[in-house]
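Trainee: Below: one structure in structure tokens.
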Amino acid sequence: MARVLESVDAVVVGTGATGSLFAAVLAEAGKDVLVLERGGERKLSDLYSSQTWARRLKWASPHVVEDGPDSIWFNFNAGHGYGGAAIHHYAVWPRFHEDDFTEKSQYGRGLDWPFEYGELRPYYDLVQKDVGMSGDAEKEIWRPPGDPYPMPPVLVSNHGNVIARGFAALDMHTSPLPMAILTQPYNGRPPCIWDGWCDAGCPTGALANPLVVYLPRARKAGARLQPDAHVTRVLMDKSGKRATGVEYFTPSGEAVVQPADTVVLCAFTIENVRILLNSADTNHPDGLSNRSGKLGQYLMSHPAIAISGLFEDDMQNYLGATGGQLLCQDPFGKRSDPGGAFGSRQWEIGLALKPNDLLGIAMTRPEIFGSELHEFMKRGARHMGSMVGVCEDEALPRNRIELASEKDQFGYPLARIIYETSAEGRKLWQTAAAEGVKIYKAAGAQEAWHGPQGGQHIMGGTIMGVDPSSSVLNSAGQSHEVENLFVGGPGVFPTGSAANSTFTAKAVALKSAKFMVENWGAIAG
Amino acid sequence: MKLTRRSLVDRALKGSLLCLTFKLGAVSILLTPEEARAQKVPLQVLDDAQARRLEILADAILPGSADLGVAQFVDHQLNADPNEALLIAKYFQVPLPYRNFYAGGIAVAEGMAKNSFEKSIDELSAEESQGLIKEMAAPGAVVDGFPVFLFYMCLRSDAVDVVYGTPDGFKKLNVPYMQHILPPEGWNG
């Protein structure tokens, strides 16, 4: 028999990038908010400057079964504990472009969003002010309309400058990378010291992770956080039209019912779908908010490529932010690929390097071992350059999240992922591989090479749309079927762009949260 | 000694950020893997033969990693809560429990050594060890259904972690470690 708790106005599932924002906005509007987190409590003082220790922030539980030809790199992209994946994200925050929202109507590819860029722009502007973004809006010539950044751009060391030579030689433009990292004191938070430990979690407060921006605001406004709460289902009333709360399990296996007037799922792309599918009942036999049959579909990643090279210059590659220093979106045009592939690309240039870990110096050349590896490490530590190409992945219904036959410790099916990079995304990746090496050569690299295809960000699965027969949520992130159920995060994106997802996820979440507040009476009942 | 943030920082300032809590009898002590090896702290998961072969393989991949305690690091982490584990196997989505993967990898490598050199890993010359690693490092290599290339990648990362992933390792590369400024009180979110 489950323990039943006192009802709250809103239960938010997940303390990450969007859960923390929903919690802050709803609590500041006077709502009684409880935020449930599957992982443990985490403080800034837990974030050690070490790539080895950074792995504690990533997911390991047997939670996702990946069955498709390609991996979406769930464990690397996801996170657990307070702050979720956003605790280790790199804070690279370019905006989506205007035509990212209108691909179907403009190009006949992918899907349309239920709103255009202009409708989201004010929320981008509000979020960038909340977090204290850095950048140079004028030099970022590809940027859609928006307020200037509230602070100057991030550091550019030799690393960025040397690689930028290659872009310039090929008549390609670079600009400071827009980042959610402080370059000046802001709202009591200190600026970055360019130590490159972003992936390990930033404990100084310079990088706008949830622990320093939205969770403190939520708590100050009275929101409560509950760690170690493994949410399994959204609970429904007998009519099948309203959510009554959520069920969660404690680590000891105790079932708990948390009643709530509204439910907001922000448990990241895969887990949101899993919870909705596991919430199937007689009124919703195929899962909650799945009358369209689209729940779980249009799963997307960003096919990514790391370009490495050795230069004669002292690159100062240990300085800066993990996400990089400069941006190039010259290949962002949907039809700009020389091979004819559809979609956007971008370059993030001058990523701060550490010796070890997945993106470290050693991993760029896995075939080197023995005494040669020591020599390579010494050379790389001084002379290696790094940049990453990010490509768009076309939204396809065949890429999807289902329930697996395997079950978790509480008896609920795990998520099963069937994913294969879209043909367009693969072609864009191949173009990027050749272009990246060419840029390095033009910059004077003695050697240049690229890594295998990786995957950044996980999007789709709970897509927004105008038509309830072809989407899961409406333009407010509200379920088409359950008026007091909302979803936040990159899972709501109908298309994925080539821009990093966190800024857009937050802007959309802010739009949804404000909609909830403005329409509270009708939503909460 | 309990593993606390303060003790970690203290040890970090002394040059190693890979201090782990090892059990010596009934006492828990904070040691680097190198110190655990020197003090012969009993292994928790690997048996002696597995640890010896793991060291030989890791040292062939990155000389010096055995002395710096790569086997002790891996053994310690195989006994940890997977969500808290520090192994790169986590990123490669190696199925749990990781101990099965490492036991399997060492066993397959032993079989490869016998197949190629008619010797145990324990008996390989330095040149033969390099030859074995070359076989394991063939991209996508699978032997007897086991992803031996993936095991090589994990073991290579483990070796790099203990040799270069610490402040001492950064010093060897002549780059500053630049550990973070300690957050002032009141920054606990």
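Trainee: Taking only Cα atoms, what is the 0 to 90° angle, nearest 10, from helix A:502-518's long axis to the longest principal axis of chain A?
Mentor: 30 degrees
Trainee: Check the straight Cα-Cα distances from A:LYS43 and name the aspartates and glutamates below 12 Å, setting aside those fewer than 8 residues away within the same chain.
Mentor: B:GLU185
Trainee: Separate question: Helix A:423-442: angle to the longest alpha-carbon principal axis of chain A, degrees 0 to 90, nearest 10?
Mentor: So the helix axis and the longest Cα principal axis differ by about 30 degrees.
Trainee: Quick one: grab the alpha carbon gyration tensor of chain A, order the square roots of its eigenvalues as a ≥ b ≥ c, and give me rounded if a/c is under 1.5, else prolate or oblate depending on whether a/b is larger than b/c. Provide the component values of the computation, followed by the final result.
Mentor: Values: a/c = 1.66, a/b = 1.56, b/c = 1.06.
Since a/c reaches 1.5 and a/b is larger than b/c, the shape of chain A is classed as prolate.
Trainee: Could you work out how far helix A:269-278 tilts from the main Cα principal axis of chain A, as a 0 to 90 degree angle to the nearest 10?
Mentor: So the helix axis and the longest Cα principal axis differ by about 20 degrees.
Trainee: So, one more: Among rounded, prolate and oblate, which fits region A:347-441 when a ≥ b ≥ c are the square roots of the eigenvalues of its C-alpha gyration tensor, a/c under 1.5 means rounded, and a/b larger than b/c means prolate? The partial results should precede the final answer.
Mentor: Values: a/c = 3.20, a/b = 1.57, b/c = 2.04.
Because a/c hits 1.5 or more and a/b fails to exceed b/c, region A:347-441 counts as oblate.
Trainee: Sort out for me the Cα centre separation of region B:98-140 from region A:186-216, rounded to whole Å.
Mentor: One Cα centre to the other: 44 Å.
Trainee: Treating cross-link reach as a plain straight distance, find the lysines whose alpha-carbon is under 17 Å from the alpha-carbon of A:LYS354, omitting any fewer than eight places away in the same chain.
Mentor: The qualifying lysines are A:LYS378, B:LYS171, B:LYS172.
Trainee: Another question about this same structure. Tell me the per residue accessible area of region A:122-266 using a 1.4 Å probe; a whole number in Å² is fine. Working shown, then result.
Mentor: Values: 5150 Å² over 145 residues.
It amounts to 35 Å² per residue over region A:122-266.
Trainee: I need the shape label for region A:107-215. Rule: rounded when a/c is under 1.5, else prolate if a/b > b/c, else oblate, with a, b, c from the alpha carbon gyration tensor. Intermediate values should be presented prior to the final figure.
Mentor: Values: a/c = 1.91, a/b = 1.08, b/c = 1.77.
It is oblate, given that a/c is not under 1.5 and a/b is not larger than b/c.
Trainee: Which far-off residues, 5 or more places away or on another chain, put their amide H under 5 Å from the one on A:GLY320, with H placed in the peptide plane?
Mentor: Amide H neighbours of A:GLY320: A:ASP195, A:GLY196.
Trainee: Return the average number of partner chain Cβ atoms within 10 angstrom of each residue Cβ along peptide B:32-41. Could the numbers behind the result be given before it?
Mentor: Numbers: counts 0, 0, 0, 0, 0, 0, 0, 0, 0, 0.
Shielding by partners across B:32-41 averages 0.
Trainee: A further question follows. Can you tally the net charge around A:ARG379? Count Lys and Arg as +1, Asp and Glu as -1, for every other residue whose Cβ sits under 14 Å from the Cβ of A:ARG379. Write out the running numbers ahead of the final one.
Mentor: Values: positive: A:ARG365, A:LYS378, A:ARG382, B:LYS172; negative: A:GLU312, A:ASP313, A:ASP314, A:GLU372, A:GLU375, A:GLU447.
For residues surrounding A:ARG379, the net value is -2.
Trainee: Report the trypsin sites (Lys or Arg not before Pro) located in region A:332-387 that are in a DSSP loop and have at most 15 other Cβ atoms inside 10 Å of their Cβ, or state none. Mind dumping the intermediate values first?
Mentor: Numbers: sites: A:LYS334, A:ARG335, A:ARG345, A:LYS378, A:ARG379, A:ARG382; in loops: A:LYS334, A:ARG335.
Answer by residue number: A:ARG335.
Trainee: What lysines does A:LYS427 reach when the alpha-carbon gap must be under 19 Å and sequence neighbours fewer than 8 apart in one chain are set aside?
Mentor: The reachable lysines, counting only those whose Cα sits under 19 Å from A:LYS427, are A:LYS334, A:LYS438.
Trainee: Still on this structure, I have one more. Give, as a single signed number, the net charge of other residues whose beta carbon lies under 15 Å from the beta carbon of A:TRP520, with Lys and Arg counted +1 and Asp and Glu -1.
Mentor: Working: positive: A:LYS31, A:ARG242, A:LYS514; negative: A:ASP9, A:GLU28, A:ASP32, A:ASP261, A:GLU483, A:GLU518.
The answer is -3.
Trainee: Related question: Given a Förster radius of 45 Å and the C-beta distance between A:ASP467 and B:ALA126 as r, what FRET efficiency does 1/(1 + (r/R0)^6) yield to the nearest 0.05? Before the final figure, lay out each step's value.
Mentor: Numbers: r = 67 Å, r/R0 = 1.49.
Efficiency computed from Cβ-Cβ geometry: 0.10.
Trainee: Just to confirm my numbers, what's the Cα centroid distance between region A:264-337 and region A:449-525 in Å?
Mentor: Centre-to-centre (Cα) distance: 12 Å.
Trainee: For region A:365-427 and region A:41-89, compute the distance between their C-alpha centroids and round to whole Å.
Mentor: That distance is 13 Å.
Trainee: A further question on this structure: Over both sides of the A-B contact, add up the buried accessible area with a 1.4 Å probe and give it to the nearest 100 Å².
Mentor: Numbers: alone 18750 and 10780 Å², together 24570 Å².
The buried area between A and B, both sides summed, comes to about 5000 Å².
Trainee: Follow-up. Once you list every other residue whose beta carbon is under 10 Å from the beta carbon of A:GLY489, what net charge do they have if Lys and Arg are +1 and Asp and Glu are -1? Intermediate results must be reported in sequence, preceding the final value.
Mentor: Numbers: positive: A:LYS506; negative: A:GLU271.
My count for the surroundings of A:GLY489 gives 0.
Trainee: Report, in debye and to the nearest 20, how large the dipole of the protein assembly as shown comes out about its Cα centre when Lys and Arg carry +1 and Asp and Glu carry -1 on their Cβ. Before the final figure, lay out each step's value.
Mentor: On the way: 65 positive and 81 negative charges, 210 e Å.
Using Cβ point charges on Lys, Arg, Asp and Glu, the protein assembly as shown gives about 1000 debye.
Trainee: Quote to one decimal, in nm, the extra length available between A:GLU138 and A:ASP237 on full extension: 0.36 nm per residue of separation minus the C-alpha distance between them. Walk me through the numbers before you get to the answer.
Mentor: Details: separation 99, 0.36 × 99 = 35.64 nm, distance 5.22 nm.
Result: 30.4 nm gained on full extension.
Trainee: Okay, next question. At 0.36 nm per residue, and after removing the present C-alpha to C-alpha distance, how many nm does the segment from A:GLU254 to A:ALA522 gain when stretched out fully? Walk me through the numbers before you get to the answer.
Mentor: Numbers: separation 268, 0.36 × 268 = 96.48 nm, distance 3.35 nm.
In short, 93.1 nm is gained.
Trainee: Of all trypsin sites (Lys or Arg not before Pro) in region A:172-257, which ones are in loop regions per DSSP and have a Cβ with at most 11 other Cβ atoms within 10 Å? Mind dumping the intermediate values first?
Mentor: Numbers: sites: A:ARG217, A:ARG219, A:LYS220, A:ARG224, A:ARG233, A:LYS238, A:LYS241, A:ARG242; in loops: A:LYS238, A:LYS241, A:ARG242.
Here the sparse-neighbourhood loop sites are A:LYS238.
Trainee: Have a look at the DSSP beta bridges in chain A and tell me what percent are antiparallel, nearest 5.
Mentor: The antiparallel fraction comes to roughly 70 percent.
The values are calculated or read from the model by the stated rules, or taken from the named source; none is laboratory data. Just so you know, these numbers come straight off a predicted model, no measurement behind them. Because the Cβ atoms are built from the backbone with ideal geometry, glycine has one as well, and the counts that use them run over all protein chains shown. Only protein heavy atoms, including side chains, enter the accessible area calculation; ligands, DNA and RNA are left aside. Shrake-Rupley method; radii C 1.70, N 1.55, O 1.52, S 1.80 Å.
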